[in-house]
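Peer 1: Handing you this structure, nothing more for now.
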Amino acid sequence: MDLPFDYPTLRIIWWGLMGVLLIGFAITDGFDLGVASLLPFVARTDGERRMVINTIGPTWEGNQVWFILGGGAIFAAWPFVYAVSFSGFYLAMFAVLAALILRPVGFKYRSKRPSKAWRGGWDWALFVGGFAPALVFGVAVGNVLQGIPFRLDGDLRATYEGGFFGLFTPFTLLCGLLSVAMLATHGAAWLTMKAEIGPVRDRARAFGTVAALLALILFAAGYGFVALGGLGFRLDGAADLAGASNPLRSTAVAAPGAWLDNFTAHPWMWIAPAAGFLGTAVALFGIRAGREAPAFLGSSVGAFGIISTVGLSMFPFILPSSIDGRSSLTVWNASSSHMTLFIMLVVTVVFLPIVLAYTAWAFKIMWGRSSVDALATNPDLY
């Protein structure tokens, strides 16, 4: 059966769609994580903290769907990537899931008792549920950039040879802190739009300013680390773009600075890091000036640019192996079959616009600032 798209084209499309889902998660659920990370600091009274929680209360569950979609897309379109990453990062993923579980439980149980200690404990649980995933996601990206210690045997069974604490190196921690700063900026920008005008909004602007400055500094430091620290991988020889999905049919070699090759070969790709810096700078000035819409748009563009920079720099690699060049996973050797990718694309073309339309409608219906006074009159609030 002749399909409308050839195999290499479908592989690139699904590589791009994987990026879209990750960026969608960062922009939507990212401000939820950012708000939770800021909760104990921007809100001091019980009323203020309830108000902050209710700025994300109507939408956080829908936003988390992007995380599920991303995991499902990796499982279906990139089975080797799913197998290696979810087994190698098992403990890290478990920590993320445990932290994310604290969020719905914290929302539901926090206000069930009037005890100050009870509510304070759940406030810090919500902080962990926002801060820990943001940190671990960034650490995971840093590990991917420096290479994962795994190998595949002749039957394509993966063996991960790293440990949990080995995930945390100076570079990966830098990436983790960049992720926290990026999402804290996004969360602060959200609070300037959704929290009532008053002390919480003012504190969000102060913390958002610091977070945006840190994001700019850490993003620049990450670039310097990649450029000067010798990170990168290259394929040894030409890639077979339409070949079977068997990672062992190609070889990768460590090449210091190779993550900048794509930007040298394709100058248009500099749009991505430029968007990362410019968007975050716009968010910084928007937060400082009290311009809510530019601040949130800027933080969204900044997240888009930072994540896109990673994806474009690594192409065609998805998971490079630091210990076995023949095991590295790329766009060309780790995808599902031609037919599977096409059927998934048809389903995506049909349902993704519906998801986007419903999400836009839900945000429109539930738009408006959250206030302390509303807590006394609306029994549906957390």
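The values are calculated or read from the model by the stated rules, or taken from the named source; none is laboratory data. For clarity, every value in this text was computed on a predicted model and none was experimentally measured. Here Cβ is always computed from backbone atoms with ideal geometry, including for glycine, and neighbour counts include all displayed protein chains. Heavy atoms of the whole protein, side chains included, go into the accessibility calculation; ligands, DNA and RNA do not. Shrake-Rupley method; radii C 1.70, N 1.55, O 1.52, S 1.80 Å.
Peer 1: Would it be correct to say that residue 169 is under 30 Å from residue 325 (Cα atoms), of a type in the set (Ser, Thr, Tyr) and under 22 Å from the mean Cα position of the chain (by Cα)? Working first, answer last.
Peer 2: Working: under 30 Å from residue 325 (Cα atoms): yes; of a type in the set (Ser, Thr, Tyr): yes; under 22 Å from the mean Cα position of the chain (by Cα): yes.
For residue 169, the condition - under 30 Å from residue 325 (Cα atoms), of a type in the set (Ser, Thr, Tyr) and under 22 Å from the mean Cα position of the chain (by Cα) - is met.
Peer 1: Something else now. Scan the range 212-228 residue by residue and report those that are open to solvent by less than 60 Å² (accessible area, probe 1.4 Å) and touching a helix residue (DSSP H, G or I) at 6+ places or on another chain (Cβ under 7 Å).
Peer 2: The answer is 212, 215, 216, 218, 219, 221, 222, 226, 227.
Peer 1: Can you pull out the residues in the range 176-195 that are closer than 22 Å to residue 53 by Cβ and open to solvent by 20 Å² or more (accessible area, probe 1.4 Å)?
Peer 2: Passing the criteria: 180, 182, 193.
Peer 1: Just need a number here: residues in the range 164-179 that are outside any helix (DSSP H, G or I) and modelled with pLDDT under 90. Explain how you work it out, then say what you get.
Peer 2: As a first pass, look at the range 164-179 and keep what is outside any helix (DSSP H, G or I): 164, 168-169.
Still in the running and modelled with pLDDT under 90: 164.
Residues that pass the stated criteria total 1.
Peer 1: Looking at the range 125-132, can you tell me whether even one residue there is among the aromatic types (Phe, Trp, Tyr), more than 24 Å from residue 301 (Cβ to Cβ) and touching a residue at least 40 places away in the same chain (Cβ under 8 Å)? Before you say what the answer is, go through the steps one by one.
Peer 2: Step one: filter the range 125-132 for residues among the aromatic types (Phe, Trp, Tyr), giving 127, 131.
Next cut, more than 24 Å from residue 301 (Cβ to Cβ) only: 127.
From what is left, the residues that are touching a residue at least 40 places away in the same chain (Cβ under 8 Å) are 127.
Checked the range 125-132: at least one residue is among the aromatic types (Phe, Trp, Tyr), more than 24 Å from residue 301 (Cβ to Cβ) and touching a residue at least 40 places away in the same chain (Cβ under 8 Å).
Peer 1: Go through the range 14-56 and report how many residues are within 14 Å of residue 370 (Cβ to Cβ), open to solvent by 10 Å² or more (accessible area, probe 1.4 Å) and among the small types (Gly, Ala, Ser).
Peer 2: Number of matching residues: 1.
Peer 1: Which of the residues belonging to the range 231-277 are open to solvent by 80 Å² or more (accessible area, probe 1.4 Å), part of a helix (DSSP H, G or I) and modelled with pLDDT of 90 or more?
Peer 2: 264, 267, 268, 270, 271
Peer 1: Here is a follow-up. Cβ-Cβ distance below 8 Å, separation of 6 or more or different chains: which pairs start in the range 153-182 with a residue that is over 13 Å from residue 137 (Cα atoms) and end on one that is among the aliphatic types (A, V, I, L, M) and assigned to a helix (DSSP H, G or I)?
Peer 2: 154/248; 156/248; 158/83; 158/84; 160/84; 164/91; 164/92; 171/145
Peer 1: Also, I was wondering about something else. Which condition number does residue 91 fail, the rest of (1) open to solvent by less than 70 Å² (accessible area, probe 1.4 Å); (2) within 30 Å of residue 224 (Cα to Cα); (3) part of a helix (DSSP H, G or I) being met?
Peer 2: So the condition that residue 91 fails would be (1).
Peer 1: While we're on this one: Listed residues 101, 74; which is β-branched (Val, Ile, Thr), open to solvent by 30 Å² or more (accessible area, probe 1.4 Å) and part of a helix (DSSP H, G or I)? I'd like the intermediate steps shown before the answer.
Peer 2: Details: 74 fails: open to solvent by 30 Å² or more (accessible area, probe 1.4 Å).
Going through 101, 74 in turn, just one is β-branched (Val, Ile, Thr), open to solvent by 30 Å² or more (accessible area, probe 1.4 Å) and part of a helix (DSSP H, G or I): 101.
Peer 1: So which of 321, 300, 335 ends up being closer than 30 Å to residue 198 by Cβ, within 25 Å of the chain's Cα centre (by Cα), polar (S, T, N, Q) and modelled with pLDDT of 90 or more? Give the derivation first.
Peer 2: Numbers: 321 fails: closer than 30 Å to residue 198 by Cβ; 335 fails: closer than 30 Å to residue 198 by Cβ.
Going through 321, 300, 335 in turn, the sole match is 300.
Peer 1: Further question on the same structure: How many residues are under 14 Å from residue 324 (Cα atoms) and not hydroxyl-bearing (Ser, Thr, Tyr) if we restrict to the range 233-257? Give the derivation first.
Peer 2: At the first step, the residues of the range 233-257 found to be under 14 Å from residue 324 (Cα atoms) are 233-236, 247-255.
So of that shortlist, the ones also not hydroxyl-bearing (Ser, Thr, Tyr) come out as 233-236, 247-249, 252-255.
Of the residues in the range 233-257, 11 are under 14 Å from residue 324 (Cα atoms) and not hydroxyl-bearing (Ser, Thr, Tyr).
Peer 1: Please verify whether residue 155 is open to solvent by 50 Å² or more (accessible area, probe 1.4 Å), among the charged types (D, E, K, R) and outside any strand (DSSP E or B), treating the condition exactly as stated. First the steps, then the outcome.
Peer 2: Values: open to solvent by 50 Å² or more (accessible area, probe 1.4 Å): yes; among the charged types (D, E, K, R): yes; outside any strand (DSSP E or B): yes.
Answer is yes for this residue.
Peer 1: Checking residue 67 against (1) open to solvent by less than 20 Å² (accessible area, probe 1.4 Å); (2) closer than 22 Å to residue 302 by Cβ, which single condition isn't satisfied?
Peer 2: (1)
Peer 1: Restricting to the range 196-211, what's the tally of residues that are over 21 Å from residue 135 (Cβ atoms) and either aliphatic (A, V, I, L, M) or open to solvent by 40 Å² or more (accessible area, probe 1.4 Å) (or both)? Give the derivation first.
Peer 2: First, pick out the residues of the range 196-211 that are over 21 Å from residue 135 (Cβ atoms): 196-203, 205-206.
Now narrow it down to the ones that are either aliphatic (A, V, I, L, M) or open to solvent by 40 Å² or more (accessible area, probe 1.4 Å) (or both): 196-197, 199-200, 202-203, 205-206.
Number of matching residues: 8.
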